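The values are calculated or read from the model by the stated rules, or taken from the named source; none is laboratory data. These numbers come from a predicted model, not from an experiment. Because the Cβ atoms are built from the backbone with ideal geometry, glycine has one as well, and the counts that use them run over all protein chains shown.
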Amino acid sequence: MPENTPARPRSLLLVPGLLLSLLAALLLYGAPAAHAADVLQAESAALSGGTKAESEHPGYTGTGYVGGYTDGNKGSASTSFTVSSPTAGSGSARIRYANGTTATMTLSLYVNGTRAGRVSLPATANWSTWSTVEAPVDYRQGANTLALTFAADDSGNINLDSLTPAPPSAGGGGSLTHEAEEAFFSGGPEKSTSVSGYQGSGYLDRFSTHGSRAVFSVTSAAATEHTAQIRYRTPDAGQATVSLTVNGTRLRQLTLPGTSGSWQTLSTGVPLRAGLNTVTLRTESGDNGGFQLDGLDLPTAAANASRGASLPYTSYEAESATTNASTIGPDRTYLQVPSEASGRKAVVLDATGEYVEFTLTKPANALTLRYSIPDSADGTGIDRPLSLYANGTHLRDLDLTSRYSWVYGAYPYNNDPSGGSPHRFFDETRTVIGDFPAGTKLRLQKDAGDTAPSYTVDLIETETAPAAYAMPAGYVSATGLGVTPDDGGDDTSALNSAVNTAKSQGKGLWLPKGTYNISDHINLSSVAVRGAGEWHTVVRGKDNKGGFFGRGGTSTIQDLMFAGDATHRDDAGGHTAIEGDFGSGSTVQNVWIEHAKVGLWIDAPTDGLLATGLRIRDTFADGVNLHKGTKNSEVSQSSVRGTGDDGLAMFSEQQAVTDCAFRFNTVQLPMLANTAAVYGGSGNRVEDNLLSDTVNASAGVAISTRNFPPAPLPFSGPTIVARNTLERTGGYEPNWQSKFGAIWIYADHSDITTPVRIENNDILDSTYSGLLVSWQKSVGDLTVEDTRIEKTGAYGIEINAAGAGTFSGVTVTGTKDGGLSLAGGFQITRGSGNSGW
């Protein structure tokens, strides 16, 4: 801690000759140079003018920190770092410091002997609390010296822990890992190609409106800092400003030097979690947004999955593990247990000593099990243990229940076994198991004390669950506002009061690790609610009630689990985990949802909602429904499994859903209906998803004007289904005695006259036809291109409708009934590259 209080600023004095001599010597003799993303410890740098290595205050990195920036050393105290840059250009440097003075202090940054500017260092809570700021740096190619100096007109009096340089990348942005035009964007940006020199297929323009944002999905192999190159241009010499946010936390304002129309790069540090992250550039208050964005280059990041979600866990199918028990399936027959299992197979443990054993291919500390145990005679469920072993040692008993599985009777189904037709056999449970390396053998075994008549094991998923997150800046803890987790009481009223208090303070509400019980809605309007992570903060519903309800404005729900208490579908009385109006530019990120009526039910006038990194499990109706006028919104990088109705749906009831997308999701095992469906609307897309194992009255993807009732509004613009993999999809509708295709275009209540484009899809092992076009109305503008249909239980292409379409590059193999069935007067125009039909 500095010894003196800050003195009043005086006029600028010349930098002491000692400092200039030091800088010159470093440049002349070429001290070892750090590279991008290297953390340079201050105590190992060149110290002069009274600075010295200290270790009095904890929380530093390395072996200590640098003190001596005291008033007695004003005008001379300095710490100098040597940094290598592969090319000349704009970059930055992140400075880690402590400032316990209660006031914002300053140092001067010298780059290669020239004063580049003054760095403001806001106060930290105390001398043991450390923070970071980022300063822009113009690097030259090769060795650079960066010096933080207590100049005569600075206030000094801070402790310096480290500096992390981010010089520009070589090549000036020639190849981008994350293209802006492929990111999620809302609030103003538009795709453009009007200016040449961009990478990829275009760039984003128009960031000047407050709230304009581009959100990139970035995967990191470990929790660490990366250097991101932002490739951009400004139309003139004026600089642009925009805010950088990572995983919902605003890090800093970025200053993008004017480029006078050329494309250039700016380097900046980006701290990422292990796994999937969001990196956002957003125009906030004080930003001008005066730039065009080509994308980000993060060469040290891991690649995202090319199709489906980039998931934090590794899946292991029971039928592929080691077992001494019996395997059931494959069987797709509705009301049979294997039909609801992943891959249509599972392992049944029904005798003492039977087991299924999995060998970990990656380290893990947490496990999720998808299983089925029998129901009780009255339909209320049973609770039974199952033994878990690691490398032959009993680890713990898993607590299993059938309370949330097993429904009966006719749609919408109930818990009365006398209704017959039992289904919805599986449920899931999760637990933290401790740290185990790759190669560990995890065994699920029916021991003498495991008294369920049988245990059907579908799969396990293992992962490394992160430690509980700390409260970020800009939030207030719910526990300081009258909310008490883990006490068994009803927290609904206290949480709503805390939300309102946090909002009145201009802050978000932080939910520390624990369980919060609710019995009604938590109402959100222009407020953020964040937890300590999906494995740590649990909001638990009661009696099919409870959830987050959007009341307008820009809100965030992030890093928590919603554990519902629904045991059957109650459309009129049950609550949805997240529903309502989410205004403009809201975000739902890293939320785990189970046992709710619906995961997300989003209504107008929601505009620009991003829902990403979700895990939705075992809902009793839809996983997600973008409903009734929702626009410019996206569900991405999410896993949806075991829903009671459509996995992902867009439903244009009364108002058209427009310009929305389901992208890079993994959707499995809807018990009823489709993995993804678009009912009316305009400009909507289903892209880059993995879709599998539909069960009843189902397609993989449905493009439909079906009258439920109510019927959706007619399609009023194009619909795109592109780059999806569909496996074991399609199903039988017993009420209609109809066989639905893997991709089903269904003109029911109204004609589909607007363009429908089916492009670059892989349709594999379909239960019936690969592509079905039907029924009593016309499908007038269908294009099917570069699509592979392989192995079907009926036709490759089955058409029973009026209308017309163009087919190119469509290959069909391995069909049961033939390549093509054509009826209803539909006119096919055949382009090149078709085969098998």
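Results for (1) at pLDDT 95 or above; (2) closer than 24 Å to F358 by Cβ; (3) in a strand (DSSP E or B), shown as yes or no for each residue.
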site: S260; (1), (2), (3): no, no, no
site: L281; (1), (2), (3): yes, no, yes
site: G295; (1), (2), (3): yes, no, yes
site: N304; (1), (2), (3): yes, no, no
site: P312; (1), (2), (3): yes, yes, no
site: S315; (1), (2), (3): yes, yes, yes
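Taking the stated definitions as given, is G599 at positive phi and touching a residue at least 12 places away in the same chain (Cβ under 8 Å)? Give the derivation first.
Working: at positive phi: no; touching a residue at least 12 places away in the same chain (Cβ under 8 Å): yes.
Answer is no for this residue.
This table checks each residue for (1) outside any loop (DSSP other than H, G, I, E, B); (2) crowded, with 16+ Cβ neighbours inside 10 Å.
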| residue | (1), (2) |
| --- | --- |
| R332 | no, yes |
| T352 | no, no |
| V356 | yes, yes |
| L369 | yes, yes |
| T380 | no, no |
| E428 | yes, yes |
| D435 | yes, no |
| G439 | no, no |
Sole exception among (1) in contact (Cβ under 8 Å) with a residue 40 or more places away in the chain; (2) surrounded by fewer than 24 Cβ atoms within 10 Å (Cβ to Cβ); (3) in contact with a Lys or Arg (Cβ under 6 Å, 6 or more places away or on another chain) for D659, by number: (1)
Filter result for the condition that a residue is in contact with a helix residue (DSSP H, G or I) (Cβ under 7 Å, 6 or more places away or on another chain), more than 24 Å from E317 (Cβ to Cβ) and modelled with pLDDT of 95 or more, over G379, G420: G379
Among residues of the stretch 312-356, those that are over 32 Å from the mean Cα position of the chain (by Cα) and of a type in the set (F, W, Y), counted: 2
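Hey, among the residues in the stretch 110-125 that are surrounded by fewer than 22 Cβ atoms within 10 Å (Cβ to Cβ) and touching a residue at least 40 places away in the same chain (Cβ under 8 Å), which one's farthest from the chain's Cα centre (by Cα)? Outline the logic, then answer.
Initially, the stretch 110-125 is screened for residues surrounded by fewer than 22 Cβ atoms within 10 Å (Cβ to Cβ), giving 111-120, 122-125.
Restricting the remaining residues to those that are touching a residue at least 40 places away in the same chain (Cβ under 8 Å) gives 112-113, 115.
Details: N112: 41, G113: 44, R115: 41 Å.
Within the stretch 110-125, the match that is farthest from the chain's Cα centre (by Cα) is G113.
Could you run through the stretch 788-829 and say how many residues are on the phi < 0 side of the Ramachandran plot and not in a loop (DSSP other than H, G, I, E, B)?
So in the stretch 788-829, the residues on the phi < 0 side of the Ramachandran plot come out as 788-790, 792-802, 804-808, 810-813, 815-817, 819-823, 826-829.
Retained after the next criterion (residues that are not in a loop (DSSP other than H, G, I, E, B)): 788-790, 792, 795-802, 804-808, 810-813, 819-823, 827-829.
Adding up the residues that qualify gives 29.
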Spans of strands (runs of 3 or more DSSP E) in the stretch 47-100 with at least 1 residues touching a Pro at 6+ places or on another chain (Cβ under 9 Å), at pLDDT 95 or above and in the same structural domain as S131 (by TED's automatic domain parsing): 65-67, 78-85
Odd one out for D781, checked against (1) touching an Asp or Glu at 6+ places or on another chain (Cβ under 8 Å); (2) assigned to a strand (DSSP E or B); (3) not aliphatic (A, V, I, L, M): (1)
Which numbered condition G50 fails, given (1) touching an Asp or Glu at 6+ places or on another chain (Cβ under 7 Å); (2) on the phi > 0 side of the Ramachandran plot: (1)
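Against the condition surrounded by fewer than 24 Cβ atoms within 10 Å (Cβ to Cβ), part of a strand (DSSP E or B) and either in the same structural domain as A697 (by TED's automatic domain parsing) or out of contact with any helix residue (DSSP H, G or I) (no Cβ under 6 Å at 6 or more places or on another chain) (or both), how does L764 come out, does it pass? Please lay out each step first, then the result.
Details: surrounded by fewer than 24 Cβ atoms within 10 Å (Cβ to Cβ): yes; part of a strand (DSSP E or B): yes; either in the same structural domain as A697 (by TED's automatic domain parsing) or out of contact with any helix residue (DSSP H, G or I) (no Cβ under 6 Å at 6 or more places or on another chain) (or both): yes.
So L764 passes the test.
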Qualifying position, being at pLDDT below 95, crowded, with 21+ Cβ neighbours inside 10 Å and outside any loop (DSSP other than H, G, I, E, B), among A147, A135: A135
Only one of T265, T234 that is touching a Pro at 6+ places or on another chain (Cβ under 6 Å) and under 22 Å from S201 (Cα atoms): T265
Single match in S519, S555 (criterion: surrounded by fewer than 22 Cβ atoms within 10 Å (Cβ to Cβ) and not charged (D, E, K, R)): S519
Test for K777: is it more than 19 Å from N696 (Cβ to Cβ), basic (K, R), modelled with pLDDT of 95 or more and more than 33 Å from the chain's Cα centre (by Cα): yes
Close pairs (7 angstrom Cβ cut-off, 6 or more residues apart or separate chains): at positive phi in the stretch 130-144, buried (at least 16 other Cβ atoms within 10 Å of the Cβ) anywhere: G142/S84; G142/S85
Residue match in the stretch 665-679 (condition: over 18 Å from W744 (Cα atoms) and either in contact (Cβ under 8 Å) with a residue 24 or more places away in the chain or surrounded by fewer than 24 Cβ atoms within 10 Å (Cβ to Cβ) (or both)): yes
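Let's see how each residue does on (1) out of contact with any Phe, Trp or Tyr (no Cβ under 6 Å at 6 or more places or on another chain); (2) aromatic (F, W, Y):
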| site | (1), (2) |
| --- | --- |
| Y795 | yes, yes |
| E798 | yes, no |
| G803 | no, no |
| F807 | yes, yes |
| L820 | no, no |
| G825 | yes, no |
3 or more residues touching a strand residue (DSSP E or B) at 6+ places or on another chain (Cβ under 8 Å) and either farther than 29 Å from S584 by Cβ or without any contact (Cβ under 8 Å) to a residue 24 or more places away in the chain (or both): qualifying strands (runs of 3 or more DSSP E) within the stretch 456-532: 514-517
Members of the stretch 233-251 that are touching a Gly at 6+ places or on another chain (Cβ under 9 Å) and assigned to a strand (DSSP E or B): R233, A240, T241, V242, S243, T249, R250, L251
Meets criteria (of a type outside the set (A, V, I, L, M), in a loop (DSSP other than H, G, I, E, B) and closer than 21 Å to T177 by Cα) for G200: yes
